[in-house]
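This report refers to the structure that appears directly beneath it.
The values are calculated or read from the model by the stated rules, or taken from the named source; none is laboratory data. Keep in mind that what you see is a predicted model, and the values were worked out from it rather than measured. Backbone-built Cβ (ideal geometry, glycine too); neighbour counts: all protein chains shown. Just so you know, the surface numbers come from the protein's heavy atoms only, side chains and all, with ligands and any DNA or RNA stripped out. Shrake-Rupley method; radii C 1.70, N 1.55, O 1.52, S 1.80 Å.
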Amino acid sequence: MSTVATRAAFYTKDLSVYYGEKQAVKKIGMEFPDREVVALIGPSGCGKSTFLRSLNRMNDLIPGARIEGEVWINDQNICDPRTDVVQLRQQIGMVWQRPNPFHKSIYENIAFGARYHGIKDKKALDAIVEQALRKTALWDEVKDRLNQSALALSGGQQQRLCIARSVAVRPSILLMDEPASALDPVSTAKIEELIAELKKEYTIVIVTHNMHQAARVSDRTAFFFLGDLVEYDDTRTIFTNPSRKSTDDYISGRFG
Amino acid sequence: MNLPETRPSADPATPRNAPATAGAPAPKPAGKAAKHRLEEWRGQAFVYLCVLLLVVIIFSIVVFIASRGLTPFVSQGVSVKEMLFGLEWAPEADHPMFGALPFLFGSFSTSLLAAIIAAPLGICAALFMTEMMPKLGKTILQPAIELLAGIPSVVYGFVGLSVIVPFLRHTFPGQGVGIMAGAIVLSVMILPTITTIATDALRSLPAGLKEGSYALGATRWQTIARIILPTTLPALLTGVVLGIARAFGEALAVQMVIGNAPHIPHSLFESATTLTSIITLSMGNTTTGSLHNNALWSLALILLLMTFLFVFIVRMLERRSKHA
Ligand SMILES: Nc1ncnc2c1ncn2[C@@H]1O[C@H](COP(=O)(O)OP(=O)(O)O)[C@@H](O)[C@H]1O
Ligand SMILES: [Mg+2]
């Protein structure tokens, strides 16, 4: 593993995740440089989602899941049971493969997180909603129908709404689990553009099945295989000159 | 592998199938097709017959109740207004009176009060089983609640009469029997309905919604209050309405604890009565075709119409939950 940029926003150390007896993620140490996009690639079932979910303690919700090791964010080991997960998840937004807007209006979807965190003032909420929608390039598309149900939006718009919803609670990190794999090519392109835009402000970790997408959007790429981190390097290096044979095999489509 | 029935593979590159089924699919023997058609036809005919029978039965019941229940209004000089708003029920008097308002009041107040008691209990039980302790809920709470559904109503009435009525008599002014006693008994009886439907609704909530809420930093309680309950509200209400419908139609258990005095009570702990109680109590003492007997059918018709209303409300709620 090569050296990593200095301004590390966060990193993991010997991070393992178990489902019951089964170890899904094996002692992974990774640094995520500030305001860069890190892509996690690898065949399905190799632990990418599991690893991603352990970065904001979403594995807590899965009965039988257990974490060992450390995840450090701003000098705090979030695996420590005393960590306030509410505060933690405010710092780290998350987006899934299938857009999951709440069954509420567009406005309420965005205002939701802010309300959780105690913002009640209507003007402040309006501002947060507009800002989040502008950041995700949705504002022009929805500004006239903020009070309509979010479920009426297209899949791609719903996904950007979900990103906006995360952005609205002012995180510093965004986790994305195959955010475009359920979308059509045009929506996918929009999401990729958005990622390029968002990385000016946020550190982004994105799981993707699409090798081209990883190559297009990420600064660094990590190749996972059977729960191990096989190789982690600059995206260009990974795609042009990987140092491990299995990485090369995977990238050139020889398996997975 | 030589199955004449299998369709040729859609994928022309599949080498195994390619030579064998390159042309049109092998023609089926004509006899087989006819046999399949016959089988198909028999199955359909059977289903249609069952449905037809069902429709005929439902239709006859409705027509029968309606024809009996409308007779007092049509040809025996009772006014609808008297029945719905009259306070006196004296069908055998020289000058008979048919005011059913006290029964209506009794039926509505016991079932609504029962729902008010049972809804929070049932929904909390469902939340416990789905959100908090699924294991414990599945192994202990769910079977226990399902057991409640299997207890005969006479047993509920008996328990109510020997436990709840004395308790109410000692705790509150009054005889103990009455609307409150009826509502408490009914609330336990409708708990399984509400809980089961609420549990199904909560289980079928897309997992992504909850994750989405937690990922924004919501606590479990915030997630329940602001995402889970609002999203499943129509389904939860469906359970409550079905519970009310069940309570509205329950006769025996309520009749055992409500006191059966045909007037509107002044308190929840005073003897009252319901539509179903008055029907079961008076039925045996009337002769078919008499005004008294027909008036009881009018009460049955009211029960039927209420059931229609409940079904209608449930349909509306279901439509809402689909469009939400
Ligand atoms: N909730 C779960 N319970 C048990 N095992 C799980 C669970 N989720 C994932 N796994 C297992 O953990 C491994 C890694 O899964 P996952 O992180 O989803 O992989 P990926 O996202 O790379 O496809 C797989 O073998 C999968 O079967
Ligand atoms: Mg995955």
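Considering only region A:1-115, give the strands (runs of 3 or more DSSP E) lying wholly within it that have at least 1 residues that are on the phi > 0 side of the Ramachandran plot, more than 16 Å from ligand 2 (Cβ to nearest atom) and open to solvent by 10 Å² or more (accessible area, probe 1.4 Å). Full working, then the answer.
Values: elements: A:8-19, A:22-33, A:37-41, A:65-73, A:92-95.
Output list reads A:8-19, A:22-33, A:65-73.
Of the residues A:105, A:149, which is small (Gly, Ala, Ser), more than 23 Å from residue A:197 (Cα to Cα) and at the interface with chain B (Cβ under 9 Å from one of its Cβ atoms)?
Working: A:105 fails: at the interface with chain B (Cβ under 9 Å from one of its Cβ atoms).
So the residue among A:105, A:149 that is small (Gly, Ala, Ser), more than 23 Å from residue A:197 (Cα to Cα) and at the interface with chain B (Cβ under 9 Å from one of its Cβ atoms) is A:149.
Out of region B:71-92, which residues are in a helix (DSSP H, G or I), among the polar types (S, T, N, Q) and open to solvent by 50 Å² or more (accessible area, probe 1.4 Å)? Before you say what the answer is, go through the steps one by one.
Of all residues in region B:71-92, those in a helix (DSSP H, G or I) come to B:71-75, B:80-85.
Now narrow it down to the ones that are among the polar types (S, T, N, Q): B:71, B:75.
B:75 - this is the single residue of region B:71-92 that is in a helix (DSSP H, G or I), among the polar types (S, T, N, Q) and open to solvent by 50 Å² or more (accessible area, probe 1.4 Å).
May I ask you to list pairs of residues, at least six apart or on different chains, whose Cβ atoms are under 8 Å apart, with the first in region A:222-245 being in contact (Cβ under 8 Å) with a residue 24 or more places away in the chain and open to solvent by 30 Å² or more (accessible area, probe 1.4 Å) and the second being aromatic (Phe, Trp, Tyr) and assigned to a helix (DSSP H, G or I)?
Correct list of pairs: A:225/A:250.
Inspect all residues belonging to region A:171-192 and state whether any of them is more than 16 Å from ligand 2 (Cβ to nearest atom), of a type in the set (S, T, N, Q), within 14 Å of chain B (Cβ to nearest Cβ) and within 12 Å of residue A:96 (Cα to Cα).
No, there is no match, as no residue in region A:171-192 is more than 16 Å from ligand 2 (Cβ to nearest atom), of a type in the set (S, T, N, Q), within 14 Å of chain B (Cβ to nearest Cβ) and within 12 Å of residue A:96 (Cα to Cα).
Among the residues of region B:194-210, which ones are open to solvent by less than 20 Å² (accessible area, probe 1.4 Å), part of a helix (DSSP H, G or I) and within 12 Å of another protein chain (Cβ to nearest Cβ)?
Residue satisfying the conditions is B:209 alone.
Could you tell me which of the residues B:291, B:237, B:299 is in contact (Cβ under 8 Å) with a residue 12 or more places away in the chain and open to solvent by 50 Å² or more (accessible area, probe 1.4 Å)? Walk me through how you get there before you give the answer.
Working: B:291 fails: open to solvent by 50 Å² or more (accessible area, probe 1.4 Å); B:299 fails: open to solvent by 50 Å² or more (accessible area, probe 1.4 Å).
Just a single option satisfies the conditions, and that option is B:237.
Among B:244, B:184, which is the only one that is assigned to a helix (DSSP H, G or I) and either within 14 Å of another protein chain (Cβ to nearest Cβ) or touching a Gly at 6+ places or on another chain (Cβ under 8 Å) (or both)? Even if it seems obvious, please write down each step before you answer.
On the way: B:244 fails: either within 14 Å of another protein chain (Cβ to nearest Cβ) or touching a Gly at 6+ places or on another chain (Cβ under 8 Å) (or both).
One residue alone meets the criteria, B:184.
Go through region B:211-231 and count every residue that is under 15 Å from residue A:109 (Cβ atoms) and more than 7 Å from every other protein chain (Cβ to nearest Cβ).
So the answer is 4.
If you check every pair at least six apart or on different chains, which have Cβ atoms under 7 Å apart with a residue in region A:43-55 that is more than 8 Å from ligand 1 (Cβ to nearest atom) first and a residue that is open to solvent by 10 Å² or more (accessible area, probe 1.4 Å) second?
If the second residue must be open to solvent by 10 Å² or more (accessible area, probe 1.4 Å), the pairs left are A:54/A:67.
Scan region A:71-83 and report the pairs whose first residue is polar (S, T, N, Q) and whose second residue is in a loop (DSSP other than H, G, I, E, B), with Cβ atoms within less than 8 Å and a gap of 6+ or a chain change.
Qualifying pairs under 8 Å: A:76/A:83; A:77/A:83; A:83/A:57.
Does region B:93-111 include one or more residues that are free of Cβ contacts under 8 Å to residues at least 12 places away in the same chain, outside any helix (DSSP H, G or I) and among the small types (Gly, Ala, Ser)?
Taking every residue of region B:93-111 in turn, at least one turns out to be free of Cβ contacts under 8 Å to residues at least 12 places away in the same chain, outside any helix (DSSP H, G or I) and among the small types (Gly, Ala, Ser).
For region B:221-234, what are the residues that are under 24 Å from residue B:310 (Cβ atoms) and surrounded by 18 or more Cβ atoms within 10 Å (Cβ to Cβ)? Walk me through how you get there before you give the answer.
We begin by selecting, within region B:221-234, every residue under 24 Å from residue B:310 (Cβ atoms); these are B:229-234.
Once the filter is applied, which keeps residues that are under 24 Å from residue B:310 (Cβ atoms) and surrounded by 18 or more Cβ atoms within 10 Å (Cβ to Cβ), region B:221-234 yields B:231, B:232, B:234.
For residues that are free of Cβ contacts under 8 Å to residues at least 24 places away in the same chain and among the aliphatic types (A, V, I, L, M), scanning just region B:133-150, find the one that is most open to solvent (accessible area, probe 1.4 Å). Write out each step before concluding.
Keep residues of region B:133-150 that are free of Cβ contacts under 8 Å to residues at least 24 places away in the same chain, which gives B:133-141, B:143-144, B:147, B:150.
Narrowing further to those that are among the aliphatic types (A, V, I, L, M): B:133, B:136, B:140-141, B:144, B:147.
On the way: B:133: 93, B:136: 81, B:140: 102, B:141: 54, B:144: 49, B:147: 119 Å².
The qualifying residue most open to solvent (accessible area, probe 1.4 Å) is B:147.
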